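The structure appears below as structure tokens.
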Amino acid sequence: MRYKVLLTAGAERDLEAIHDYIAEYDSPSAADRVLDRLVKVVEMLATVPQRGSHPRELLALGIHEYRQVMFKPWRVVYRVMGRQVYVFLIVDGRRDLHGLLSQRLLGA
């Protein structure tokens, strides 16, 4: 059983920003490799979206609808709705995500 995986505009911008940053501060080939791996992580959600853990920042707020998978240090935050998986956020997991998650997911 496959799910349809959709990237929000914010997640697409995240991928572009990650690629641009790595290309500038490391190399374009390294940026391409990271982008390819992140895309594969996202594509894997089509078959097993429930495998991800719940982001602790959201659990602390009592929110259980979102999940995350990691490709260290990157976190892919998503939500399963019916037969679709919506990817909301792709970000460096070393960052303090409370404010970013609140802004992007909760509209705060």
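The values are calculated or read from the model by the stated rules, or taken from the named source; none is laboratory data. From a predicted model like this one, the values you see are computed outputs, not experimental measurements. Every residue, glycine among them, receives a Cβ derived from its backbone with ideal geometry; neighbour counts consider all protein chains shown. All accessible areas refer to the heavy atoms of the entire protein, side chains included, with ligands and DNA or RNA removed. Shrake-Rupley method; radii C 1.70, N 1.55, O 1.52, S 1.80 Å.
Amide H to amide H, with H built 1.01 Å from N, LEU89 comes under 5 Å of VAL77, counting only residues 5 or more places away or on other chains.
Among the trypsin sites (Lys or Arg not before Pro) within region 31-108, those in coil by DSSP and having at most 15 neighbouring Cβ atoms inside 10 Å are ARG83, ARG94, ARG95.
Per atom type, region 26-107 shows carbon and sulfur on 52% of its accessible surface, probed at 1.4 Å.
Residues whose amide H falls under 5 Å from that of TYR3, counting only those 5 or more places apart or on a different chain, are THR47, with hydrogens built in the peptide plane. The phi-based Karplus calculation (6.51 cos²θ - 1.76 cosθ + 1.60; θ = phi - 60°) puts the 3J(HN,Hα) values of region 36-53 at 4, 5, 5, 4, 5, 4, 5, 5, 5, 5, 5, 10, 9, x, 7, 6, x, 8 Hz, whole numbers, x for Gly and Pro.
Taking other residues whose beta carbon is less than 9 angstrom from the beta carbon of ARG83, and scoring Lys, Arg as +1 and Asp, Glu as -1, yields +2.
Protein heavy-atom accessible surface, 1.4 Å probe, per residue over region 35-105: 53 Å². Shape call for the chain from the C-alpha gyration tensor, a ≥ b ≥ c root eigenvalues: rounded (a/c under 1.5), prolate (a/b greater than b/c) or oblate? It is oblate, given that a/c is not under 1.5 and a/b is not larger than b/c.
When the square roots of the Cα gyration tensor eigenvalues are ordered a ≥ b ≥ c, the ratio a/c for region 50-103 is 1.5 or more and a/b does not exceed b/c, which makes its shape oblate.
Once C-alpha pairs closer than 8 Å and six or more residues apart are averaged by separation and normalised to the residue number of the chain, the relative contact order reads 30 percent. Rounded to the nearest 20 debye, the dipole magnitude of the chain is 600 debye, with +1 charges on Lys and Arg beta carbons, -1 on Asp and Glu beta carbons, and the Cα centre as origin.
For region 22-33, 3J(HN,Hα) computed residue by residue from phi via the Karplus equation (6.51, -1.76, 1.60; θ = phi - 60°) reads 5, 4, 6, 9, 10, 7, x, 5, 5, 4, 4, 4 Hz, glycine and proline entered as x. Computed from backbone phi, the HN-Hα couplings of region 73-87 come to x, 7, 10, 10, 9, 8, 9, 9, 9, x, 9, 10, 10, 9, 8 Hz, rounded to whole numbers (Karplus: 6.51 cos²θ - 1.76 cosθ + 1.60, θ = phi - 60°; Gly and Pro given as x).
Sum up the charges of everything whose Cβ sits under 15 Å from the Cβ of GLU65, counting Lys and Arg as +1 and Asp and Glu as -1, but leave GLU65 out.
Working: positive: ARG56, ARG67, ARG79, ARG104; negative: GLU57.
Here the count lands on +3.
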